[in-house]
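The values are calculated or read from the model by the stated rules, or taken from the named source; none is laboratory data. What you see is a predicted model; the values in this text were computed from it and never measured. Ideal geometry is used to build each Cβ from the backbone, glycine not excepted, and the neighbour counts take in all protein chains shown.
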Amino acid sequence: MNSVTPRIFIAATQQNDGKTTVALGLFNALRKTHGRIGFIKPVGQHFVEIEGHKIDEDTVLIDQTYGIFAPLDAISPVAVEPDFTRKFIQQANTDLLVRRIQNSFDRAAWEKDFVIIEGTGHAGVGSVFDLSNARVAKLLGSKAIIITEGGIGRPIDEVALSHALFEKEGVEVLGVVLNKVLPEKYDYVVEFAGRGFKRLGIELLGAIPSDVMLSHPTLGQVCKAVKGEFINARTSSRRLARRVLIGDMETGHMLSHFTPGTLVITPGDREDVVLAAVSLVGQHARGLCGLVLSSDLRPNETVMKVLHDSDLPAIASPLDTYTIASRIHSMTIKTLPGDTEKIERIQALTEKHINLERLLAKL
């Protein structure tokens, strides 16, 4: 297996702590200093079908954002399907998986100047089939960084657990990156978390502040979460829902709440709300994000024609208004291919708040 190309393993203390966010940002920063960057996600839990292959979603995001120039099935070698663990326990074949991952790394590193390896979940994920994040990092001869969510006490405790597993496998942890740090507590958290990590012998390599844009879902994500379908302006599916409003008040009062980027949830037969929303189309200072029509109800034909004549995005959902609002509130917001505005923000935040020079020096 390739042992020459520089590499870094991006781990985390929990799922959704920000591994892919950091990978996106580091890829952009590293290609400015190192040239050709490779990427691999050896074990993926969430995948899509592409040309008969199960490809991890984060791998697709990186590839479509930067162009990795390697076969997708090579840089996403192991997809954990729903029955993957059961089949492995019935008939374990770790050696086959190890060879697949190492061969895939060789293809990912071919003619590259640096390789980013993204883990999955926390450090121990994959242990059930003998491929924890820590073991995969060991197999690929990589040092690691650990991403954890902003704070002081809990992140330090969780990093200590992850660090212990990497240490057991003989993998050097170069440092920690805090993600989603509350801006109003940024300096305080950085100072005291940094001290806490130092007591564990771990360096704080960066702290990325929480950013409201990255917490906003796109209309496409909302549509999927509420089991809906676009009935107007599908091409606006990447529009960001910056605020959610339930349209259950008199329209005269509601207009004052129609702020830019607001997503309005209303029963489909509230034609007064639909018409009030359409009336604001084109008024950029008060432009709405769109409508979600609940309970599988649609406006009458006349109002539907007015809606279709506008460019206001509208989604019809079979769910009731409360359930729609609850699902949107509890969504896990992921960056998707083509989310240009979010990706540019991630690149800027990473470059500003991660000490890349220090990270590379430790490599």
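List of remarks:
- Within the set LYS342, LYS305, LYS352, the sole residue that is of a type in the set (Lys, Arg), outside any loop (DSSP other than H, G, I, E, B) and buried (at least 19 other Cβ atoms within 10 Å of the Cβ) turns out to be LYS342.
- Qualifying residue in the range 319-329 (condition: touching a helix residue (DSSP H, G or I) at 6+ places or on another chain (Cβ under 8 Å), under 28 Å from GLN15 (Cα atoms), not in a loop (DSSP other than H, G, I, E, B) and not aromatic (Phe, Trp, Tyr)): yes
- Within the range 171-269, helices (runs of 4 or more DSSP H) holding 2 or more residues that are out of contact with any Ser or Thr (no Cβ under 7 Å at 6 or more places or on another chain), surrounded by 14 or more Cβ atoms within 10 Å (Cβ to Cβ) and modelled with pLDDT of 95 or more: 186-199, 219-225
- Only one of the listed residues (PHE105, PHE166, PHE114) is touching a residue at least 40 places away in the same chain (Cβ under 8 Å) and over 23 Å from the mean Cα position of the chain (by Cα). That residue is PHE166.
- Residue identified as closer than 23 Å to ASP63 by Cα and part of a helix (DSSP H, G or I) among ASP106, ASP95: ASP106
- Condition check for GLY150: closer than 25 Å to ILE343 by Cβ and without any contact (Cβ under 8 Å) to a residue 12 or more places away in the chain: no
- Tally, over the range 276-290, of residues that are out of contact with any helix residue (DSSP H, G or I) (no Cβ under 6 Å at 6 or more places or on another chain) and either in a helix (DSSP H, G or I) or in contact (Cβ under 8 Å) with a residue 40 or more places away in the chain (or both): 6
- Some residue of the range 1-16 being surrounded by fewer than 22 Cβ atoms within 10 Å (Cβ to Cβ) and free of Cβ contacts under 8 Å to residues at least 40 places away in the same chain: yes
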